[in-house]
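In what follows, a single structure is set out as structure tokens and then discussed.
The values are calculated or read from the model by the stated rules, or taken from the named source; none is laboratory data. These figures come from a predicted structure and were not determined experimentally. Glycine also receives a Cβ, built like all others from the backbone with ideal geometry; neighbour counts cover every protein chain displayed.
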Amino acid sequence: MDPVNRLQASIDNPTAFWAKMASNYYWQTKWVDNHTSYNFNLQKGPVFAEFFRGGRTNISFNCLDRWVMAGRGNQPCFLFEGNDIGHAYVMTYQNVLDEVCRVANWLRGQGVVKGEAVTIYMPMVCELPIAMLACARIGAVHSVVFGGFSSDSLAQRILDCQGKVVITASATSTLLTLAVSALWAVQVQRVLCLEDSSVPREACPWQPGRDVWWREEVAQRPSYCAPEWMDSEDRLFLLYTSGSTGKPKGVVHTTGGYMVAAGVTCRYTFDMQPGDIYFSTADCGWITGHTYLAYGPLLNGVTSVVFAGVPTYPDASRVWSIIEKHKVRIFYTAPTLLRSLLQMGDHHVKKHDRSSLRILGSVGEPINEHAWTWFHDVCGEGRCPIVDTWWQTETGAHMLTPQPGSWCKLKPGCASVPFFGVQTVMLDANGNEQDGPGEGILAIKSAWPSMARTLHGDHDRFQATYFAPFNGYYFTGDGCRRDEDGFIWITGRVDDVINVSGHRIGTAEVEGALTEHAGCAEAAVIGIDHPVKGQAIYAYVTLVDSTRHDDKMRKELMDHVRRAIGPFAVPEVVHWAPALPKTRSGKIMRRVLRKIASGEEKELGDISTLAEPSVVDTLLKLRGV
Ligand code: PRX
């Protein structure tokens, strides 16, 4: 069958496609014949999805033991590159399996049982995916919290998942301070801490009896741990992400379906073969690091670069020097990084040999044509296809992407076509499916294996967020356009979620953090275009005392957000707003705020529905003050 027909056949019959793919993995017990079912129609009962029912497996076994048993134990699994040049080492598949087993045995020793949550809060070192795999080994549910989150955010997430064990690192004293200060607020019984030689032990706040060192504790454990055979629908992990309202949501992923989709998307989108050298700049604190650093590459037996440094240190050629050093074949990164590197000049790229590169990937935010062309023509020397992968924390794996084969057209900035076995549709505002070229809302019509199954502790919110907006469909929150070739272009979020440097942030979360400050009466946050970050956070703030419209107050508010959420959520601009533009029913008109922020006040449109139209003039006067 030619590739186009093969893709279409998989979309027409996803169940058969996914079952065929699933047979490439090890299952201790095979699934039953009637192995897939789901419901997206709220009128017919609760939303659910089930894949490979009756099947039992373990993802760490498929990531590690399978390759060791096939004679690949000495193949490098992780190629570590620290921030300092020369701080580099290799871990083979056997090394990683041994360490995963030791950590798994340590976790069992703490009484951690199947189904229990373990929080992981670490920088991007090899021990982060190792900790994740160790949880998976014994059926503990990992909840990785990005190292850039503040102690308050960490505490909130630990409380929500009720884990008694936290795995962290002393890599920077701040990291440990953050971890420790958050833990005081909550009931954590044991903290496993990975020591970094650059931080003296005395500098680490320590709670004897609760806190222990990774190297001391883990080394004593046996290097084999029998995997816990998990039901396909048993939980694998929780990952908190932002929505348009309320507190962060704990997205739940399960074992079998996630494993198959993580492995298969890597296999096809990146054309991965065992032994390939792969480099992703993703951090395991986000979904990209989960699927395309920790799990997917290992499921394909590839060798992954784990880069713990700053891409511009010691200069802007760092990633290209890593590509040259390790002869990287597949490179997966975010548009933000490309935009920041391209400003620094082509010479940084060109001084390193990139002839090993075959496939380039982009993820997390729209890639503008300029960045795409630079990535393609300069970095990839015009010979490597770019796979612009569209997906989400909730989808678990690629949903739309060009395929790297020559049969798939490449269009700069276009997420292109559905992945095998995925039924994407374009809806109009009333939820009707649209055929042919046009614009609409991107939705998914039927279940796919790596879809989120629920939100931790809140299935109602899961249904209300993703299925109630258009009953019968998974609502992505993204707008899209379909062109004459049937290719899909992502036009951005249609809800109040913003994407700053590929980090997803809900406007409501930032507003909540601002209004927690005693001096802030009200706040409204929007996203504005930013040349490097894609979007930046722009905050309108109403103070209790308007005589305090000064930089000192601005700094206080920014520091407050840094403490409440983390540095990446700090507003780029704080615009003083003695009052906000609201409708008579009290709804903030964000459309007006966006126009004022972007200097498009001539295009404000109809403001006659505003309760107090003079607010607009006041805001215009205060722009830049
Ligand atoms: O708006 C889309 C954008 O990122 C959102 C998902 O964010 P998150 O759950 O943090 O996952 C990021 C990594 C997959 C989407 O709703 N997005 C992601 N990939 C793309 C994208 N926007 C345009 N093009 C993409 N390739």
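Tabulated data for the structure shown
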| quantity | calculated |
| --- | --- |
| Count of the stretch 28-70 residues which are hydrophobic (A, V, I, L, M, F, W, C) and under 14 Å from residue 234 (Cα atoms) | 6 |
| Strands (runs of 3 or more DSSP E) enclosed by the stretch 25-121 - at least 1 residues per element that are over 27 Å from residue 326 (Cα atoms) | 37-39, 48-50, 117-121 |
| Residue match in the stretch 55-68 (condition: out of contact with any Cys (no Cβ under 9 Å at 6 or more places or on another chain) and modelled with pLDDT under 95) | no |
| Flag if residue 40 is of a type in the set (Phe, Trp, Tyr) and closer than 15 Å to residue 263 by Cβ | no |
| Unique match (being part of a loop (DSSP other than H, G, I, E, B), under 30 Å from residue 239 (Cα atoms), more than 12 Å from the ligand (Cβ to nearest atom) and not hydrophobic (A, V, I, L, M, F, W, C)) among 392, 403 | 403 |
| Which numbered condition residue 291 fails, given (1) of a type in the set (Ser, Thr, Tyr); (2) over 16 Å from the mean Cα position of the chain (by Cα); (3) within 16 Å of the ligand (Cβ to nearest atom) | (2) |
| Unmet requirement for residue 379, which otherwise passes all of (1) buried (at least 16 other Cβ atoms within 10 Å of the Cβ); (2) within 16 Å of the ligand (Cβ to nearest atom) | (2) |
| When residues of the stretch 458-508 are limited to those that are closer than 25 Å to residue 410 by Cα and surrounded by fewer than 17 Cβ atoms within 10 Å (Cβ to Cβ), the one nearest to the chain's Cα centre (by Cα) | 492 |
| Criterion (in contact with a helix residue (DSSP H, G or I) (Cβ under 6 Å, 6 or more places away or on another chain) and either within 12 Å of the ligand (Cβ to nearest atom) or outside the structural domain of residue 157 (by the TED database) (or both)) met by exactly one of 421, 472, 436, 457 | 421 |
| Residue check for residue 16: small (Gly, Ala, Ser), under 18 Å from residue 266 (Cβ atoms) and either without any contact (Cβ under 8 Å) to a residue 24 or more places away in the chain or in a helix (DSSP H, G or I) (or both) | no |
| Criterion violated by residue 336 - all others in (1) of a type in the set (S, T, N, Q); (2) within 16 Å of the ligand (Cβ to nearest atom); (3) closer than 30 Å to residue 73 by Cα satisfied | (3) |
| Residues that are surrounded by fewer than 24 Cβ atoms within 10 Å (Cβ to Cβ), assigned to a helix (DSSP H, G or I) and among the hydroxyl-bearing types (Ser, Thr, Tyr), drawn from the stretch 263-287 | 268 |
